[in-house]
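Here the structure comes first, spelled out in structure tokens, and everything after it is commentary.
The values are calculated or read from the model by the stated rules, or taken from the named source; none is laboratory data. Just so it is clear, the model here is predicted, and its values are computed rather than measured. Heads up, the Cβs are rebuilt from the backbone with ideal geometry, glycines too, and the neighbour counts pull from every protein chain shown. Heavy atoms of the whole protein, side chains included, go into the accessibility calculation; ligands, DNA and RNA do not. Shrake-Rupley method; radii C 1.70, N 1.55, O 1.52, S 1.80 Å.
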Amino acid sequence: QTGPVIDMPVPASFNDITQDPSLENYIGWVWYEKEVLLPLRWLQDDLNTRVVLRFGSAHYYSIVWVNGVRVMEHEGGHLPFEADISSVIQGSPGIPCRITVALNNTLTPHTLPPGSIQYMNDKTRYPKNYFVQNIRFDFFNYAGIHRPVVLYTTPSVYIDDITVTTTSSESVAMVQYQVSVVGSTLYSLSLSLCDQEGKVVATGDGPAGELKVLNPNLWWPYLMHENPGYRYSLEVKMQTQANGALLEDVYTLPVGIRTVHVTSTQFLINGRPFYFHGVNKHEDADIRGKGFDWPLVVKDFNLLRWLGANSFRTSHYPYAEEIMDLCDAYGIVVIDECPGVGIKMSESFGNKSLQHHLVVMEELIRRDKNRPSVVMWSVANEPASELPPAGYYFKTVIAHTKALDPSRPVTFVTDANYALDHGAPYVDVICVNSYFSWYHDPGHLEVIPLQLTTQFENWYKTYQKPIIQSEYGADSVPGLHSDPPLMFSEEYQKALLREYHSVFDKKRKEYVIGELIWNFADFMTNQGTTRVLGNKKGIFTRQRQPKSAAFVLRERYWKIANESSCLPPIIKSHALFL
């Protein structure tokens, strides 16, 4: 070992756990190590059992050893990776299994998100070898093993992947499936689809086919139906003979039957217009940083439903699988965004960056393709899409994404000028971020109606595609009050939201299909002269307490839901008291 050894919880970011200021902003390699005792049956020389080590995510570059043997490497955070470690551990019963992880959080022009290391060479101002990690995104660059690490087993012949797509009409739905089996070409596959009462509604066999469901219960978004988030269970059973034994692998996949379609003015879910009234979030909280935490996740979903939010964007990276599971179950609609944030430098649009971006989209789609809550992929947030190479770059990333998943629309989120954006021709939905009277004309609320109306009309005239206001908002320091409203007060945040809302209400009658507030909750950022312990644009504090703006948004979202929904009157009448 080359440095001090300290206890570090997993999952968690390492930055805020200790009192060591050097760890808070540490850039470079850290090492994690843990010894575990495995069940004896896993350790016997059993050719029919496969032992797998799986990481939910780690930031950002990971190298993993088991008992001193390197078993895998993975580039990038926010997504899972795993390795078969059977050959390393089997045949050594009673010996603890030592798992070692080397983790590097350095960001370069070719990582996702990108960054750069800047050496400060002026020896009159900086110590020798002094450097800083530059990033072009506005959230703290937390690092560590952020999601659960598990060991699990499968038979040596196993179900490796399942792909499900659905189509439906009033009285019948079709569930198309493809199943990939690894380890043998000789096997049998049987499938059964059960409803929530456990009744089998369709059966099938073989690696590909379709299941017919009569009078299906469709997957509907929250507040669009009295029974949102309905999911069937698809049980896939594989059987084969191997090494003189009968092997069986069973996987149960939740399946939501729903369709998505985009027109020039609407976003349709199950053929009905859907309006996104939701939020942008972050995986961010006190002490744990980006570490997965069940109480926090459940609290956030309770707040989302209290708010009347029907959707969110995974700004600016894929969120934990457990969060996505709850979106499926509760009917919260998701714009699923990859970590393509801060793509600002011209060198981040070259082939090296592009190849990595394509791999990240492959990993994301493999993880989330079967989720009914995911209705659109986002391949980037606020890239420098006015640069000439951005055209080819986004044309390629979007084409690749659509080839991997033809069933969903694709977008990226822009803050570029409508006339200069080289990537916009390739998206299905225009997603625009703007901060009128905050970063532009600060303090001048009166300019919002004209500037926001002009923004929408310019984008629509140019592209004839539906538009989502994917970010808007203002910082407010909780407890800071001012009337007339001044910047950073709770009153200013409320006033700014209301100015935006008046324009949304005109344009949602035409082609605006959504509004996502920035942000759901306050979150940590790098230190800076405009950041007082982080970004304060949350409608909730970092501790999940409401600011005044939360009540403005809640009243609005329930009003929109009541206008457009077919909920029973009892739910409508109680909506504002839920």
Worksheet entry | Single match in Thr203, Thr166 (criterion: surrounded by 19 or more Cβ atoms within 10 Å (Cβ to Cβ) and either over 23 Å from the mean Cα position of the chain (by Cα) or in a strand (DSSP E or B) (or both)) | Thr166
Worksheet item: Just for strands (runs of 3 or more DSSP E) wholly inside segment 1-118: which have at least 1 residues that are of a type in the set (A, V, I, L, M, F, W, C) and closer than 22 Å to Thr525 by Cα?
Response: 29-36, 97-104
Worksheet entry | Residue count for segment 100-111, restricted to those that are open to solvent by 20 Å² or more (accessible area, probe 1.4 Å) and among the β-branched types (Val, Ile, Thr) | 3
Practice prompt. Starting from segment 239-256, take each residue that is under 21 Å from Asp328 (Cα atoms) and list its partners that are among the aromatic types (Phe, Trp, Tyr) and open to solvent by less than 80 Å² (accessible area, probe 1.4 Å), counting only C-beta distances under 7 angstrom and pairs at least six apart or across chains.
Written response: Val255/Tyr232; Gly256/Trp219; Gly256/Tyr230
Discussion item. I need every pair where a residue in segment 449-461 that is open to solvent by 30 Å² or more (accessible area, probe 1.4 Å) has its Cβ under 7 Å from the Cβ of a residue that is modelled with pLDDT of 95 or more, sequence separation at least 6 or different chains.
Written reply: Pro449/Glu499; Pro449/Ser502; Pro449/Val503; Gln451/Phe436; Thr453/Val503; Asn458/Tyr418; Tyr460/Ile467; Tyr460/Tyr511
Worksheet item: From the set of residues in segment 358-392 that are among the polar types (S, T, N, Q) and under 12 Å from the mean Cα position of the chain (by Cα), which is nearest to Thr414 (Cα to Cα)?
Response: Ser378
Worksheet entry | Residue count, segment 468-492 (criterion: in contact with a Lys or Arg (Cβ under 7 Å, 6 or more places away or on another chain) and either on the phi < 0 side of the Ramachandran plot or open to solvent by 10 Å² or more (accessible area, probe 1.4 Å) (or both)) | 7
Worksheet item: Hey, does segment 229-242 have a residue that's among the hydroxyl-bearing types (Ser, Thr, Tyr), surrounded by 18 or more Cβ atoms within 10 Å (Cβ to Cβ) and under 30 Å from Val429 (Cα atoms)?
Response: yes
Item to complete: Could you please give the count of residues in segment 35-51 that are of a type in the set (Lys, Arg) and modelled with pLDDT under 90?
Response: 1
Practice prompt. Taking only segment 348-359 into account, find how many residues are in contact with a strand residue (DSSP E or B) (Cβ under 9 Å, 6 or more places away or on another chain) and open to solvent by 10 Å² or more (accessible area, probe 1.4 Å).
Written response: 2
Worksheet item: Looking at (1) farther than 22 Å from Gly350 by Cβ; (2) out of contact with any strand residue (DSSP E or B) (no Cβ under 8 Å at 6 or more places or on another chain), which is the one condition that is false for Trp459?
Response: (2)
Discussion item. Among the residues of segment 383-397, are any polar (S, T, N, Q) and surrounded by fewer than 19 Cβ atoms within 10 Å (Cβ to Cβ)?
Written reply: yes
Fill in: Long-range neighbours under 6 Å by Cβ, at least six apart or interchain, first residue on the phi < 0 side of the Ramachandran plot within segment 371-398, second open to solvent by less than 30 Å² (accessible area, probe 1.4 Å) and modelled with pLDDT under 95
Asn381/His316
Fill in: Residues within segment 285-296 that are open to solvent by less than 10 Å² (accessible area, probe 1.4 Å) and outside any loop (DSSP other than H, G, I, E, B), tallied
2
Discussion item. Any residue that is in a strand (DSSP E or B) and crowded, with 20+ Cβ neighbours inside 10 Å - is there at least one of those in segment 523-531?
Written reply: yes
Discussion item. Among the residues in segment 137-148, are any open to solvent by 50 Å² or more (accessible area, probe 1.4 Å) and either basic (Lys, Arg) or not assigned by the TED database to the domain that holds Glu75 (or both)?
Written reply: no
Worksheet item: How about segment 218-281: which strands (runs of 3 or more DSSP E) wholly inside it have at least 1 residues that are in contact with an Asp or Glu (Cβ under 6 Å, 6 or more places away or on another chain) and of a type in the set (A, V, I, L, M, F, W, C)?
Response: 232-242, 260-262
Worksheet entry | Lone qualifier among His277, His261 - being at pLDDT 95 or above and crowded, with 24+ Cβ neighbours inside 10 Å | His277
Worksheet item: Take the residues of segment 20-34 that are modelled with pLDDT of 95 or more and over 14 Å from Tyr142 (Cα atoms): which is most open to solvent (accessible area, probe 1.4 Å)?
Response: Trp31
Worksheet item: What number goes with the only condition from (1) touching a Ser or Thr at 6+ places or on another chain (Cβ under 7 Å); (2) open to solvent by 50 Å² or more (accessible area, probe 1.4 Å); (3) among the hydroxyl-bearing types (Ser, Thr, Tyr) that Tyr439 does not pass?
Response: (1)
Practice prompt. Take segment 427-463 and flag every residue that is under 19 Å from Ser385 (Cα atoms) and outside any helix (DSSP H, G or I).
Written response: Val427, Asp428, Val429, Ile430, Cys431, Val432, Asn433, Ser434, Tyr435
